[in-house]
Amino acid sequence: MTLNNLKKIFLWGLVLLIVLIVWIRFPLIFKEWVFKILVKPPFTPEAFTSLGPIGDIFGALTALLTSLTLIIVIYTAYLQRQANIHAREAMAEQLKQAERAAENQLQQAREATNEQLVQAREATKEQLEQARASTSQQLDLAQSTHRAQLKETIYSNFINTYNSLINYKLAKYNTIQVFNNGRIWHAEEIFKEIALYFLGQYRIFELKLSRSEIGVLYNKTLDKIAGTDKGLHEINSYFLLYESIYDLINNSEISDEEKIFFRKATSNMMSSHEQLTLLWAATYLEDCHKLVKDTGIFSQFYREDLMPFLVTFFEKSCFSHPDILSNWDKYLNNQNPT
């Protein structure tokens, strides 16, 4: 049965108490032992002399006790040393455990730090990708806005310039007039007179006149209407304004659909008589002939008997009337230039 610490302390205390009592009572015990057992009366000197060896025995006993005490001290020191060794071993084990715990904690801290770094890198990468995407979207939006603003500015500048040219053309149109037969003829009346005279010249449409002969007839007609002293040659300079208008349309940075729209709108501003007059002038005048190319400006008239004349002296790109365009190839294959 193993004693616990409290019982051990109590046992040692009891042993020390008995030893202390014996130690205190030892002289009396020794006296009783000597005078009642070893030496009996009468007490003679010889009797006391016989006690000398007994005293020596006690001296030896004292040495023995001293030796035992020393042995006990040495054993106690040994036990203390063993306890110290155990304490150092326990301390070393605790240190090793603490070191292992510290290494484990350090490793866990490293792993946690690495994981945090990985997460931080992934988060940073994701944020960077989002920032790039956002920046790209903002840049695309800015570029799109800039292009829209630039397109709007270009379109606005084009419209302003186009309207200015149209207004100038109308102002020029209103200045075309002559005094004939006691009254003033305005531009539309003049164009109507020229167009009707032109449509009555069957020799032209039968291809019996050359380009120069058609020009001579055109100039005579202008002189006949206005008189030889005045003439109507400002009509030719008026027609050249269309060249500026179509150059603006063709060279502007607008869409092809918008260019088609403005070419058609310009053509629709003209009456059929004005277009027939321009057709006659373009047959002879080189500048007018150049300006009607690639414009589709002639859209207000169509007559079957005009087709041979048209395919002989003009290109298909000068016309936008659907009947002229649909019959062009048929008459072109049957005609030879004059």
statement: Classified through the alpha carbon gyration tensor (a ≥ b ≥ c as square roots of its eigenvalues; rounded if a/c is under 1.5, else prolate when a/b is larger than b/c, else oblate), segment 176-332 comes out oblate
query: Scattering from the C-alpha atoms of segment 259-338 alone, worked out with Debye: what is log10 I(q)/I(0) at q = 0.14, 0.22, 0.25 1/Å?
result: -0.42, -1.06, -1.35
- request: Count the lysine pairs in segment 176-332 whose Cα atoms lie under 21 Å apart, taking only pairs 8 or more positions apart in sequence or on different chains.
  value: 16
- line: So the FRET efficiency between Ile29 and Gln97, C-beta based with R0 = 41 Å and rounded to 0.05, is 0.15
- request: Filter the trypsin sites (Lys or Arg not before Pro) in segment 200-304 down to the DSSP loop ones having no more than 16 other Cβ atoms within 10 Å, then list what survives.
  value: Lys208, Lys230, Lys293, Arg303
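Any read-out appearing in this document is the output of simple, stated calculations on the displayed coordinates, not a laboratory observation. Everything numeric here is computed off the predicted structure, so don't read it as measured data. Here the Cβ is made from the backbone with ideal geometry for all residues, glycine too, and neighbour counts use every protein chain on show.
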